[in-house]
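S.K.: What follows is a single structure, and I will ask about it in a moment.
The values are calculated or read from the model by the stated rules, or taken from the named source; none is laboratory data. Values in this document were obtained by computation on a predicted structure and should not be read as measured data. Cβ atoms come from the backbone with ideal geometry, glycine included; neighbour counts cover every protein chain shown. Please note that ligands, DNA and RNA were not included when accessible areas were found on the heavy atoms of the full protein model with its side chains. Shrake-Rupley method; radii C 1.70, N 1.55, O 1.52, S 1.80 Å.
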Amino acid sequence: MSSMPFLSIIVPVYNVESYLAECLDSILAQTFTDFEVLLIDDGSTDGSPALADAYAAKDTRIRCFHKENGGHMSARQAGFEKAAGEYIAFMDSDDWIDPAMYARMCTTAKEYDTDMVCCNYTAVTPKKRIERRDFCDPGFYDKPRLASVIYPRLLFSGSFFHYGVSPSLCNKLFRRTLLEKHLFRVPLTIKLGEDGLAAYPCLLEASAVYFLSESFYYYRSNENSLTHTMDCGRLAENRLLFDTYDKLIDLAAYPCMEKQLLYYYAYQCLLTFPPVFCTMQTTAADHKKKFHEECGYPPVRRAFRAVKISDVSGLHNKAYVFCIRHRLYGLFRFLLKH
């Protein structure tokens with residue numbers, strides 16, 4: 001490996017002893033070899049740190065670092081600070097990749113001199129695999145084509161709720177100098193939706209992006225993961241998430257993003273309100289007060305005024321939109337129980 005690898009692959013590691021070997025073996029099986037791997041142990045309490053150290057001892061391209069637990073984005077930022085590559089990629093430590101992934105992506109980045117390369121991915125559950133594809137045709141997109149084709153459907157494809165382009169950081173290759181501007185603007189306390197806060201601003205600033213047709217990345221969908229854990233803290237995270245998007249996305253420069261953001265805010269609320277309010281342990285009066293507070297938060301209020309109920313799929317979701325828009329606590333509580 002040269003002193004300056006073309007690609008740095010950053011892998012946060014936290015209590016994934018059962019999956020880490022499969023993840024790392026899939027990286028080491030890549031046909032592309034000009035890379036380094038930065039394993040960032042984020043305060044794991046299982047056998048993950050020892051396993052990570054063992055892999056680093058066997059292959060000089062792998063470096064392992066240990067830190068106190070700070071969350072997924074904290075580990076990614078720590079990895080970036082130690083990375084030497086011209087391009088940056090991320091992997092989650094319970095996922096795996098196709099052997100051709102980085103050869104295809106890095107060759108494309110070199111050939112077309114793009115700021116980013118995106119591929120599709122496959123969500124893997126214990127029962128099935130579901131391919132997730134970006135809405136756009138594969139190929140090269142310069143700035144004018146990004147502005148006319150990608151940006152109007154970047155975050156919201158038009159079907160509730162499907163992203164136009166996946167927010168995931170893991171199915172993308174980033175030019176280092178582009179990513180550096182946006183990765184460190186993501187608040188570390190956000191655990192649901194944080195990828196998009198870096199990925200979408202990068203896409204909006206990129207001069208050129210290539211979208212591949214292949215699905216190279218395999219995402220393990222684990223119902224016990226952070227993504228599926230809901231508590232009252234999620235409501236505060238929603239607020240921070242929405243406020244951060246409002247700061248990061250320049251609607252004067254990209255007016256097409258306004259509706260997309262509002263539909264996304266509504267989607268996040270529909271994803272979090274029902275499970276959070278179902279499990280909230282508080283008095284009836286405080287429960288009602290909290291519901292009214294969240295419905296009245298400015299980004300939430302704007303979103304539910306903007307979303308058309310006819311655009312929303314599912315009778316329960318349509319009813320939730322109506323309740324949140326009009327702050328109908330009694331009907332909302334009824335729906336939670338039925």
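S.K.: Take the stretch 109-132 and flag every residue that is open to solvent by 80 Å² or more (accessible area, probe 1.4 Å) and either within 21 Å of the chain's Cα centre (by Cα) or of a type in the set (A, V, I, L, M) (or both). Steps first, please.
M.R.: Quick first cut of the stretch 109-132, residues open to solvent by 80 Å² or more (accessible area, probe 1.4 Å) only: 110-113, 126-129, 131-132.
Within the stretch 109-132, ARG129, GLU131, ARG132 meet the criteria.
S.K.: Identify, please: which residue in the stretch 307-332 is aromatic (Phe, Trp, Tyr) and open to solvent by less than 60 Å² (accessible area, probe 1.4 Å) and is, among those, nearest to the chain's Cα centre (by Cα)?
M.R.: Filtering first and then ranking leaves TYR320.
S.K.: What are the residues in the stretch 255-281 that are in a loop (DSSP other than H, G, I, E, B), more than 14 Å from PHE156 (Cα to Cα) and open to solvent by less than 60 Å² (accessible area, probe 1.4 Å), if any?
M.R.: Step one: list which residues in the stretch 255-281 are in a loop (DSSP other than H, G, I, E, B), which gives 255-256, 280-281.
From what is left, the residues that are more than 14 Å from PHE156 (Cα to Cα) are 280-281.
Hit for the stretch 255-281 is MET280, nothing else.
S.K.: Tell me, which helices (runs of 4 or more DSSP H) lie completely within the stretch 18-108 with 2 or more residues that are under 22 Å from the mean Cα position of the chain (by Cα) and free of Cβ contacts under 8 Å to residues at least 40 places away in the same chain?
M.R.: Answer list for the stretch 18-108: 72-82.
S.K.: Out of curiosity, is HIS316 modelled with pLDDT under 95 and part of a helix (DSSP H, G or I)?
M.R.: The answer is yes for HIS316.
S.K.: Please specify each residue of the stretch 56-73 satisfying the condition of being open to solvent by less than 20 Å² (accessible area, probe 1.4 Å) and at negative phi.
M.R.: Scanning the stretch 56-73 gives ILE62, MET73.
S.K.: Next question. Six or more apart or on different chains, Cβ under 8 Å: which pairs go from a residue in the stretch 242-260 that's at pLDDT 95 or above to one that's part of a loop (DSSP other than H, G, I, E, B) and β-branched (Val, Ile, Thr)? Could you list them?
M.R.: THR244/VAL186; THR244/ILE190; MET257/ILE249
S.K.: If you go through the stretch 186-202 one residue at a time, do you hit one that is surrounded by fewer than 18 Cβ atoms within 10 Å (Cβ to Cβ), at pLDDT below 95 and farther than 30 Å from GLU36 by Cβ?
M.R.: no
S.K.: Quick check on my filter: what residues within the stretch 144-161 are open to solvent by less than 70 Å² (accessible area, probe 1.4 Å) and more than 26 Å from CYS269 (Cβ to Cβ)?
M.R.: Selection gives LEU146, ALA147, VAL149.
S.K.: Moving on. Restricting to the stretch 1-31, give me the number of residues that are among the hydrophobic types (A, V, I, L, M, F, W, C), within 21 Å of ASP94 (Cα to Cα) and open to solvent by less than 50 Å² (accessible area, probe 1.4 Å).
M.R.: 11
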